Amino acid sequence: MSDFELFQQVLDGGESRDKNVAARFYDRAQKTGELDKNGLPVFKDVCFVEIRAKDSYDVFDQPADEDKFRRFPTEYRIYQAQKKQRSDGVPLELFAFLSAAEVESLKFRGIFTVEVLAGLDEQKARDLGVEREAALAKKFLAQAKGNTVTEAFQRREENYQTEIRQLKEENVRLKEQLEKARAFSGRRRFGK
């Protein structure tokens with residue numbers, strides 16, 4: 001099932017057993033209780049679910065578990081589709097040419113990244129009512145593709161990463177040599 005078919009299913013009423021309940025899965029950063037080498041807290045992403053009942057102001061926000069995945073399968077698939085798209089592209093929230101309302105409208109249609117928006121064919125963009133947004137995304141990606149400043153930055157970054165890797169390897173070799181020298185001088189001192 002494609003992302004668009006999944007969202008059409010949601011619009012048509014989907015598979016939800018809870019007609020008067022809405023659920024939304026999302027990631028929340030939580031402390032792990034561990035500290036990194038600099039003494040700073042370590043965080044991890046935890047899947048949460050926000051559950052709202054119709055005609056109620058109450059919101060139940062809790063870590064998601066297997067029970068919630070089974071209870072809200074369509075909403076969970078939407079969450080997974082969103083995570084998959086975001087791992088492959090630029091989130092719409094970072095696309096400066098869209099308002100907050102336009103971003104939410106696109107997300108409701110199953111579009112979470114600039115690349116997916118730009119990749120819509122004209123007919124699909126027309127059907128979804130996002131022709132202007134798709135044109136902006138295509139134009140943006142076309143200009144970004146030949147951006148020499150970005151390419152130069154990327155080359156410098158790759159060079160820095162290579163140099164850092166080489167320095168780390170050299171550091172390991174020097175530490176090994178130092179340990180050998182210490183061991184050798186310790187044996188000489190004790191006459192071994």
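The values are calculated or read from the model by the stated rules, or taken from the named source; none is laboratory data. Remember, it's a predicted structure, so these values are computed and weren't measured experimentally. Here Cβ is always computed from backbone atoms with ideal geometry, including for glycine, and neighbour counts include all displayed protein chains.
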Considering only the stretch 69-80, I want to know if a residue exists there that is more than 30 Å from residue 118 (Cβ to Cβ), outside any helix (DSSP H, G or I) and among the charged types (D, E, K, R).
no
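Would you check which residues across the stretch 94-105 are among the acidic types (Asp, Glu) and modelled with pLDDT under 85 and list them?
First, the residues of the stretch 94-105 that are among the acidic types (Asp, Glu): 102, 104.
Selection gives 104 alone.
Criterion first (under 30 Å from residue 116 (Cβ atoms), of a type outside the set (D, E, K, R), at pLDDT 90 or above and not in a loop (DSSP other than H, G, I, E, B)) does residue 134 satisfy it?
Yes.
Report yes if residue 108 is surrounded by 10 or more Cβ atoms within 10 Å (Cβ to Cβ), touching a helix residue (DSSP H, G or I) at 6+ places or on another chain (Cβ under 8 Å) and either within 20 Å of residue 26 (Cα to Cα) or modelled with pLDDT under 80 (or both), otherwise no.
Yes.
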Residues satisfying the stated conditions in the stretch 17-43, i.e. of a type in the set (Lys, Arg) and under 16 Å from residue 65 (Cβ atoms):
24, 28
Restricting to the stretch 26-61, and then to whatever is closer than 14 Å to residue 76 by Cβ and under 22 Å from the mean Cα position of the chain (by Cα), can you tell me which residue is surrounded by the most Cβ atoms within 10 Å (Cβ to Cβ)?
49
Quick one: what pairs do we get from the stretch 176-192, first residue exposed (fewer than 10 other Cβ atoms within 10 Å of the Cβ), second modelled with pLDDT under 85, C-beta under 9 Å, 6+ apart or different chains?
192/186
Pairing a residue in the stretch 25-53 that is in contact (Cβ under 8 Å) with a residue 40 or more places away in the chain with any residue that is among the aliphatic types (A, V, I, L, M), where Cβ atoms lie under 6 Å and the two sit 6 or more apart in sequence or on different chains, gives 25/49; 25/64
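Out of everything in the stretch 9-60 that is among the polar types (S, T, N, Q) and at pLDDT below 85, what residue ends up being nearest to residue 110 (Cα to Cα)?
Of all residues in the stretch 9-60, those among the polar types (S, T, N, Q) come to 9, 16, 20, 30, 32, 38, 56.
Still in the list and also at pLDDT below 85: 9, 16, 20, 38, 56.
Numbers: 9: 11, 16: 18, 20: 22, 38: 40, 56: 27 Å.
Checked the stretch 9-60; the qualifying residue nearest to residue 110 (Cα to Cα) is 9.
Do we have any residue at all in the stretch 114-126 that's modelled with pLDDT under 85 and farther than 21 Å from residue 28 by Cβ?
As a first pass, look at the stretch 114-126 and keep what is modelled with pLDDT under 85: none.
No, that holds for no residue.
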In the stretch 163-187, which residue that is of a type in the set (S, T, N, Q) and modelled with pLDDT of 90 or more is nearest to residue 140 (Cα to Cα)?
166
Is it true that residue 4 is closer than 20 Å to residue 134 by Cα, at pLDDT below 80, out of contact with any Cys (no Cβ under 9 Å at 6 or more places or on another chain) and surrounded by fewer than 16 Cβ atoms within 10 Å (Cβ to Cβ)?
no
